Amino acid sequence: MNSLSASIPTISPERLEEYSSAATLSDMEIFIFPNLFYSLVLANLMSPRIWRWRDDPWFTNFSKLTPYRRILRLRQFIMDNYVFNLDLETWGLTTQERELERFAPYMDRATIAQSNALFGYEGDRFYFDIDIRRHFGLDKFTSNVIPYWKTETVEAMDAFRFYPGYTHGAGECVSLSTLYAAALYILCEIPLEDIYLVATPLHSQNFVDMDEGILTNNRRLVTKSMWFNGTELSTKARRALENEQVTIVAHSTGWIHAVYPTATIAPATYDHVKSRLGDYLQTQVSAEIIFNFLRQNPERQRCFQIEFSISGKPRWIPAERAYAFENSCPYKVSDRTREKLLAEMDEDEFFPTPLPDRIPLNKFDDAFRHHQVDLNNEEDRQKLGREFDCYQVETCDILRELQAFCILNPRWPDRAGPKRHTPMPPIDLPVGLSREDIIRALEQQRAANPIADLAFYTARDMARIDPRPFLKAAIERSPVCIDESRAMDLTEIVARLQQLPNESTYDLMRVAQPDEVWHSGRGDGFEKAVTLATILHAREPDTPFAVQAEDDTATLSFGDTDYAFPTTKGLSLKLEWPLA
């Protein structure tokens, strides 16, 4: 045990699986243990990495910007320094049987399969249509073999720069959403109370409760106007909330989960985000919205034409021709730049007479100047429907699709019935705290709040945690170093680890897991000792071992042999297997 063990609560056997999952943070683990979702935000808040961003020239005079301009500047920084990683084999493979056995005490197989893509979930009709398993690379795993779909701390995201084929940091959707949440607090001074983490089975994003609302979507941001602009980017951003059940909403006051009967998030807070996000996901129909709707639905464009004056004479062009031309110029069919777009098109694209059986889009410009249409009003819907008289498609089809475009009602976790509220003290971190203040505050809150406690395990701060969960995760869920060293003999493995630069990808007393060491090709001596223990244990699972760090040396004692590595972590602890 480490030298601060007297002040660190010992993890009970029934919580050991959850606490060890804080070190690996797979998609499956976060779904089973929702406390982990927000703990990753807190781990990133305690990391020195994001705090160093404030010294980057990109954020010079940052405090003088409006909150929205700060968020835009942050977005560009993240886009410049991180890529979206969806290589499902990055963290190796496991089996359905193995994971289901792990999670059996917490959730049954049928429930997991209905909610997790690795166990058969494919979403609604939309996902079947686009063959979602092939889209995410899941189709290659046709048997019981499945990938670990792991989430990364900011340190693990930064370490991708050392991985073959990468030049930037990287992470999947949960990694990026939790990175954004921490960065919004640290750099943009957005209160944690205004940031909500929203997860569906195949995606994770944040809702930022400011102005009309902002959604983070992987590396990008989506404002309300962008949500309804009909572009390819917004169409992708809409996909999860349009087609999936919301499985987890996490906040500084707690969480709610689609499966579990209890919820820790404050009911008033949950009602608030449902209302605010609901407003964000609805808009009044207007001429511009109809044009945007058609941009997103090109198959409907063939019902419409656009009138335009050329040399003083009226001309008509098929709507799909005008929309296609948007890709080659900065102008849009849907806004005030439409005339500039049409003026740049070749005259032979236009027809001298109106096209038969096509609706002139221009009439909507005039109609909406004098009347606002409410799609929830039957009379307004009928009036608008009379304008959609197209021989190629049923009017009701267009109206139904337009209404779905303008009004999205997410399927929230409590859709099937109310949850039982289990109060939990909120995470109390006012804007303006330093990193050291945050660590002190979370240390004071961890005894009463399991998310605050788990944050130190997610951060892998070995000076402040019971080290057994870290070791359990390393031994049981590090398939990459085991598989890639399988053809190497012991001498080769030890030599390779000794030759790696003695550089940890984690700051201070935080430590990397074995597969992170193997991928990045570097590690502190303590991390190397744990990596070697993981590989040797896979070969001789019945042999007990111990990893001890003291002063400047980390030693693995495996059987009758000791393996020593230099360490600069400053740790004083001993890890033993089997776990006590």
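The values are calculated or read from the model by the stated rules, or taken from the named source; none is laboratory data. All figures in this text were calculated on a predicted structure; none of them were measured in a lab. Methodologically, a virtual Cβ is constructed for each residue, glycine included, from the backbone with ideal geometry; neighbour enumeration extends over all protein chains shown.
Only one entry in Ala324, Ala268, Ala258 is free of Cβ contacts under 8 Å to residues at least 24 places away in the same chain and within 30 Å of the chain's Cα centre (by Cα), namely Ala268.
Which members of the range 231-273 meet the condition of being outside any helix (DSSP H, G or I) and hydroxyl-bearing (Ser, Thr, Tyr)? Don't jump to the end; show me each part of the working.
Taking the range 231-273 and keeping what is outside any helix (DSSP H, G or I), we get 231, 244-266.
Selection gives Thr231, Thr247, Ser252, Thr253, Tyr260, Thr262, Thr264.
For the range 74-90, check the following and say yes or no: at least one residue is of a type in the set (S, T, N, Q) and at pLDDT below 95. Break it down into steps so the answer makes sense when it comes.
First, pick out the residues of the range 74-90 that are of a type in the set (S, T, N, Q): 76, 81, 85, 90.
Right, trim to at pLDDT below 95 and you get 85, 90.
Yes, some residue in the range 74-90 is of a type in the set (S, T, N, Q) and at pLDDT below 95.
Please tell me if Tyr196 is buried (at least 21 other Cβ atoms within 10 Å of the Cβ), touching a residue at least 12 places away in the same chain (Cβ under 8 Å) and part of a helix (DSSP H, G or I). No.
Look at (1) in contact with an Asp or Glu (Cβ under 6 Å, 6 or more places away or on another chain); (2) assigned to a loop (DSSP other than H, G, I, E, B) and you find that Asp87 fails only one, number (1). If you filter the range 370-387 down to residues that are closer than 23 Å to Val333 by Cβ and in contact (Cβ under 8 Å) with a residue 40 or more places away in the chain, you find that the one that is surrounded by the most Cβ atoms within 10 Å (Cβ to Cβ) is Leu384. Filtered by the rule that a residue be surrounded by 16 or more Cβ atoms within 10 Å (Cβ to Cβ) and outside any helix (DSSP H, G or I), the range 434-455 gives Arg446, Asn449.
When the range 510-542 is filtered for residues that are acidic (Asp, Glu) and either in the same structural domain as Lys150 (by TED's automatic domain parsing) or more than 15 Å from Val494 (Cα to Cα) (or both), the ones remaining, listed by number, are Asp515, Glu516, Glu540, Asp542.
When you check Ala495 against the structure, is it part of a helix (DSSP H, G or I), under 22 Å from Pro578 (Cα atoms) and among the aliphatic types (A, V, I, L, M), yes or no? When the stated conditions are applied, Ala495 does not pass them. Among residues of the range 32-57 being in contact (Cβ under 8 Å) with a residue 40 or more places away in the chain and of a type in the set (Lys, Arg), the one that is nearest to Thr422 (Cα to Cα) is Arg49.
Test Gly559 against the criterion of being modelled with pLDDT under 95 and over 28 Å from Thr90 (Cα atoms), and give yes or no. Against the criterion (modelled with pLDDT under 95 and over 28 Å from Thr90 (Cα atoms)), Gly559 qualifies. Taking each residue of the range 217-245 that is closer than 16 Å to Tyr180 by Cβ and looking for partners that are in a helix (DSSP H, G or I) and among the charged types (D, E, K, R) with beta-carbon atoms closer than 6 Å, six or more apart or interchain, yields Leu221/Arg75.
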